[in-house]
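For reference, the structure discussed in these notes is given below.
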Amino acid sequence: MTSESKSVDETVDEIDRRILSILAEEPRLPYSEISKRLAEAGMELSSEAVRQRVSSLFDITTSFFLVRPDSYEWEVVMIVCQTEDYQGAKKEAFEAMSKMDYWFVGHGFGTLDIYAVATAGSTNKIDDLLTKTRSLESTKTVDHFIETGRSASVEKYLRVE
């Protein structure tokens with residue numbers, strides 16, 4: 001973090017966290033209804049003030065709304081891999097996987113090198129994706145996890161009290 005960077009706590013206050021929590025559950029809720037829910041929590045804001053806060057939040061957040069896979073005919077697969085030990089292997093694997101059917105690919109450091117997520121219409125399609133990923137020269141190990149259920153708490157993520 002640079003000296004000009006701010007922490008999340010300096011940028012997003014309790015009201016913002018509450019607004020994000022409300023929108024995570026009901027993203028199309030009118031500002032007037034958000035204002036009412038905030039008032040119930042002891043946070044008085046007009047609809048216009050809510051609109052301004054939401055607009056500001058759009059500048060510092062990303063949309064990450066996931067449709068529950070158990071409601072549709074697809075699978076969510078999470079894949080982690082370690083790359084080979086030669087220079088540039090991680091970058092090579094990351095770039096190749098970014099061109100595949102993964103909708104999220106991330107790399108960093110730790111016990112794994114790359115983390116990716118895909119949705120697929122069948123386990124056969126997941127097998128095809130795993131086979132393509134394993135066939136990359138730059139991947140050493142590829143492990144996967146197929147999601148069969150999910151529990152998510154925006155309040156824990158945002159630390160809403």
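Just so it is clear, none of the values below were taken in a lab; they were calculated from the coordinates. As the structure is a computational prediction, the values presented were derived from the model and not from experiment. We place every Cβ from the backbone using ideal geometry, glycine too, and count neighbours over all the protein chains shown.
For the reader, a short list of remarks on this structure follows.
- Annotation for residue 140 and residue 43: the two label points, set 7 Å from Cα along the Cα-Cβ direction, are 4.5 nm apart.
- What separates the Cα centres of the range 24-53 and the range 76-141 is a distance of 40 Å.
- Under 15 Å, Cα to Cα: Lys pairs in the range 69-147, sequence gap 8 or more or different chains: 6
- Computed from backbone phi, the HN-Hα couplings of the range 31-43 come to 4, 5, 6, 4, 4, 5, 5, 5, 4, 4, 9, x, 10 Hz, rounded to whole numbers (Karplus: 6.51 cos²θ - 1.76 cosθ + 1.60, θ = phi - 60°; Gly and Pro given as x).
- Note on the range 8-60: Rg/Rh from C-alpha atoms, Kirkwood Rh, equals 0.92.
- Calculated from backbone phi, Karplus (6.51, -1.76, 1.60) coupling profile of the range 48-54 in Hz, x at Gly/Pro: 5, 5, 5, 4, 5, 5, 4
- Using θ = phi - 60° and Karplus 6.51 cos²θ - 1.76 cosθ + 1.60, couplings along the range 82-91 (whole Hz; Gly, Pro as x): 9, 9, 5, 8, 7, 4, x, 4, 5, 5
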